[in-house]
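Only one structure is covered here, and it is reproduced in the block below.
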Amino acid sequence: MRQTTPQQDLLRGLWRENPVLIQMLGLCPALAVTNNVENSLAMGLATFFVLCGSSLLVSLCKRWIPGEIRISVYILIIATFVTVADLCLAALLPDIHKALGAFIALIVVNCMILGRQEAFASRRPVGRALLDAVGTGAGFTLALVMLGGTREVLGSGSFLNVPLFGPSYEPWVVMILPPGGFLTLGVLLLGLAWWEERRRERVKAGGVPAGADMEPSPALGMSLSERASSRGDAA
Amino acid sequence: MSEPALGVSASPHVKGGDSTPTIMWSVVASLVPVVASAIYFFGPSAALLLAASCAGALATEMCFGQRGTRRLCDGSAAITGLLLGLTLPPGLPLWMAFLGGAFGIGFGKLVYGGLGQNVFNPALLGRAFLQAAFPVAITTWPVRAESWWSLRGDNFALPLMSPATQDAFSGATPLGLMKFEQTATSSWDLVLGTTAGSLGETSGLVILVCGLYLAVRRHLEWRIPASIFCTVALLAGGLHLLDAARYPGPVFTLFSGGLMLGAVYMATDMVTSPVTHRGCWIFGAGIGLLVIVIRLWGGLSEGVMYAILLMNALVPFINRATQPRVFGAIEAEGGS
Amino acid sequence: MSEERSGNIGDAQRRGLVGDEALPDEPAAEPAALGDEVSSLRMILTLGAAGALAGLLIVMVFNATLPAIEAHRAEAVRLAVTEVLQQPARYEALSVTEAGLVELPREDVQPANAVLVYVGFDEGGRATGVAVTAAEAGFQDIVGLIYGFDPQSGTLLGMKVLESKETPGLGDKIQKDARFVAQFAGARPPLEAVKRPKGEEGEIDSITGATISSRAVVRIINNSLERLRPRIEAHFQEVVR
């Protein structure tokens, strides 16, 4: 049992326990709709909205929800916010709504959201729950935009629909197709693991300690293979 | 754990001369005639493309490969680069060939842990990436150039920029002609290689001779190409008998597209093919079947690349299913 | 994938993967009475109340957004119809039935056999063309399109792809290649997709590298027109507004 500060609650989900890049949750939308920055941003913000709304409500109502049916109630709350987000998006940004298709409705089954309710919002005061939701939602959006940015720059030669390389750029079509999502995510995780390993080597060599105020997160502290094996144990 | 895995008897031992580098370099040597025919048919473009794809493969191996002085000397990266280059159309920009080589080695081999660990043939993975990334450039087949010295397309397009394509330059491969325009190509052109197509795949005869040399030197599992050829010839022959107007005959099917190159050089990659003899026959038959299915009923005119990659994925299962019975071993009661 | 993973959340918490907060530091805030008996009535009431509130909220948002969503839909149809009918003065949605081009519902017409089309009119109220939507399999997935047809001259007025998942950069040129799209205006069906046009009527120069997608567009228009043409031609003159 460890007390966390409000800052930690806010910043944790953003990077050190990033839902996509570290916890590897919510990969379905992260792979499916990130073929450009616009869609990634819309998907990220829709998820952000759903997460914040659900966390707020779950934290507010936690005392009145019987334990036996808490998951059903969480799902109900999440589904309501998803429907609201779906309708608002269809009314305000019809083109993006069409591009995202069924994946807006599928936010309901994004286990990252349900995970935050069960693990955090249902046990903490409202303010902390909201901070955590904001951090996690922003981390999710950040990861999606990183994926979408890479894929759009390579796959369409533009960023947020602004052409970067002029008219004769040859787009890497594969990057805006589904395989491009897997490739980009794989490369991103490879880069993160390599960077983390380098950092740990530097620490071991007696260089700079890993930030006095930032203890390494449990997940980041593990190498990819350790993470895989610990996951295998749990299964 | 009680018994050692390998029985080692007392000396003297007979020492085989083969090592990974000698086999790899002998494959490279056997590719020389294929490369020469590619350069003969497609001029300086062929030489440039092969150099670019090799450079991509070797540079990636050098930058990200395992540390050590011999990492480039084992020749496997060079083979990947050469084989990838031989599957490319002559007019492809050089930067794409370089990228394909880098992808093949990086994502086809190094991410799995280096030589011997990979599931898919690295050269074909590079080719598949290029096919998915640049579908137009990789299916643009230039027609015969006016002189040997002239380039066969916009090889020197700037990196990341699209090649200047002129429609007058684009021809069609025998397979494309057959699929989309129902036009047959003469068998002699196919066997000798005087058709449009990728660099190394046009001359079936040269590839067969080189394959034969490798098979005689035991550096190539002859059962795999034999099985592929038999399956393809049987299926194509049968379908041709059923409906000669719709389905091309076995000679056309065998000598068109990348079938020869794929069967002799790609499918026989030691790392990504089965280890048992029975497995090799199954592996080859699967490739032959998939090639026919993709070519005749698929959306693409050529299917050798995907056929081999798909069968690569099945190799571990084929290996497991075709384990030979150990001599003298007694099957366990109600064996698993 | 997500559902599968959600089962592991408990494990992830135990290992500290999800975060340190898995262990509550506020025992009082523990979800009510894990372990204590909770009466079924209370559970039903809680779920019912939550469901009712959720339903109420959704209905409110639905009503608030409905006008905007319908306006977007109508605008999309308007854009497509005016494009493929070459800017008619106005247009109307009618149904092609055995009784002619009529407005449904009508007692003497089986709605099952009716096909909705858009008829364009000039300023004088004379019908100028019919816009028809059609969809069939393309290379990757279903290709949906709308085309304008002028029964008097027997030529097409235009074509617009509404929906397609064809390969970006190749097959999606049926949508984005202005030269390919422009060929349909003035073409005389039945169409034929060819590689090298000889200048005959009804020829569509197919896109290099996207032969299958080009042929799909041509096939969709031919099939749809084959079905509807007799009825449209028989009754087109009657339609005056």
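The values are calculated or read from the model by the stated rules, or taken from the named source; none is laboratory data. A quick note: this is a predicted structure, and the numbers were derived from the prediction, not measured. Cβ placement follows ideal geometry from the backbone for every residue including glycine, while neighbour counts extend to all protein chains displayed. Accessible surface is based on the protein model in full, side chains and every heavy atom, while ligands, DNA and RNA are left aside. Shrake-Rupley method; radii C 1.70, N 1.55, O 1.52, S 1.80 Å.
Computed from point charges on the beta carbon alone (+1 for Lys and Arg, -1 for Asp and Glu), the dipole magnitude for chain A about its Cα centre is near 620 Debye. Once Lys and Arg get +1 and Asp and Glu get -1 on their Cβ, which of C:168, A:32, B:136 lies farthest toward the positive end of the dipole of the protein assembly as shown? Value: B:136. Among residues other than residue A:171 whose Cβ falls under 12 Å from its Cβ, what is the net charge (Lys/Arg +1, Asp/Glu -1)? Neighbour charge sum, excluding residue A:171 itself: -2. Here residue C:103 and residue C:68 are evaluated by their C-beta separation; at R0 = 22 Å the FRET efficiency comes out at 0.25. Taking the square roots of 5 times each eigenvalue of the Cα gyration tensor of region C:24-165, largest first, gives ellipsoid semi-axes of 53, 19, 16 Å. Ranked by solvent-accessible area (1.4 Å probe, protein heavy atoms only, all chains present), the residues B:179, C:198 order from largest to smallest as C:198, B:179.
Determine the sum of side-chain charges near residue C:187: Lys and Arg each +1, Asp and Glu each -1, restricted to other residues whose C-beta is under 9 angstrom from that of residue C:187.
Working: positive: C:188; negative: C:201, C:203.
Result for the neighbourhood of residue C:187: -1.
Scaled against the 2.2 N^0.38 Å expected of a compact globular protein of N residues, the Cα radius of gyration of region C:85-240 reads 1.06. On the principal axes of its alpha carbon atoms, chain B extends 71, 54, 32 Å, with the longest extent given first. Filter C:165/C:198; A:98/C:195; C:173/C:195; B:109/B:179 down to the pairs with a C-alpha to C-alpha distance above 23 Å, please. Pairs exceeding the cut-off: C:165/C:198; A:98/C:195; B:109/B:179. Of the whole protein surface, residue C:176 contributes about 150 Å² of accessible area at a 1.4 Å probe radius.
Per-residue surface analysis assigns residue B:230 an accessible area of about 70 Å², computed on protein heavy atoms at 1.4 Å probe radius. Residue B:23 sits with roughly 30 Å² accessible to a 1.4 Å probe, with DNA, RNA and ligands left out of the calculation. Look at the dipole of the protein assembly as shown built from charges on Cβ: of A:113, B:286, C:217, the Cα furthest out on the positive end belongs to B:286. Oblate is the label for chain A, because the ratio a/c of its alpha-carbon gyration tensor axes (a ≥ b ≥ c) is 1.5 or higher and a/b is not greater than b/c. Running a GNM on chain B with Cα contacts under 10 Å, which residue among B:142, B:33, B:90 ends up with the highest mean-square fluctuation? Most flexible of the set in this elastic network: B:33. Does region A:1-107 come out rounded, prolate or oblate by the C-alpha gyration tensor, with a ≥ b ≥ c the root eigenvalues, rounded set by a/c under 1.5 and, if not, prolate when a/b is larger than b/c and oblate if not? Oblate shape, in that a/c is at least 1.5 and b/c is the bigger or equal ratio.
Assigning unit charges at the beta carbon (Lys, Arg +1; Asp, Glu -1) and nothing else, what dipole magnitude in debye, to the nearest 20, does the protein assembly as shown show about its Cα centre? Write out the running numbers ahead of the final one.
On the way: 60 positive and 68 negative charges, 363 e Å.
Charge dipole of the protein assembly as shown: 1740 debye, to the nearest 20.
Of B:216, B:27, B:232, the residue with the greatest mean-square motion in the GNM of chain B, using alpha carbon springs below 10 Å, is B:216. Average the reciprocal distances over every distinct pair of alpha-carbons in region B:83-157, invert the result, and give the Kirkwood radius in Å. One decimal place: 13.0 Å for the Kirkwood radius. Let me know the shape class of the protein assembly as shown, please: from the alpha-carbon gyration tensor, a ≥ b ≥ c as square roots of the eigenvalues, rounded when a/c is under 1.5, otherwise prolate if a/b is greater than b/c, or oblate. It is oblate, given that a/c is not under 1.5 and a/b is not larger than b/c. When shorter helices are ignored and each DSSP H run of at least 4 residues is given -39500 (n - 2.57), the per-residue value for chain B at 222 nm works out to -17000 deg cm²/dmol. Projecting the Cα atoms of C:87, C:189, C:104 onto the charge dipole of region C:85-240 (Cβ charges, centred on the Cα centre) puts C:189 farthest toward the positive pole.
May I ask you to rank B:161, B:96, B:62 by accessible area, largest first, using a 1.4 Å probe over the protein chains only? Mind showing how you got there, number by number?
Working: B:161 35, B:96 0, B:62 100 Å².
The ranking, largest first, comes out as B:62, B:161, B:96.
Residues in region C:97-108 carry Karplus couplings, in order, of 9, 5, 8, x, 8, 10, 9, 8, x, 9, 5, 7 Hz; the curve used is 6.51 cos²θ - 1.76 cosθ + 1.60 with θ = phi - 60°, and Gly or Pro positions show x. Rg and Dmax, both from the Cα atoms of region C:99-141 and both in Å, are 14.4, 43. For chain B, modelled as a Gaussian network with Cα springs under 10 Å, which listed residue fluctuates most, B:172, B:132, B:215? Largest GNM mean-square fluctuation: B:132.
Taking 10 °C and 1.306 mPa s as conditions, region B:182-321 diffuses translationally at an estimated 105 µm²/s according to Stokes-Einstein applied to its Kirkwood radius (Cα pairs).
Summing -39500 (n - 2.57) over the DSSP H runs of n ≥ 4 in chain A and dividing by its residue number, what mean residue ellipticity at 222 nm do you reach, to the nearest 500 deg cm²/dmol? Kindly include the intermediate steps, with their values, before the conclusion.
Numbers: 11 runs with 151 residues, N = 235.
That comes out to -20500 deg cm²/dmol.
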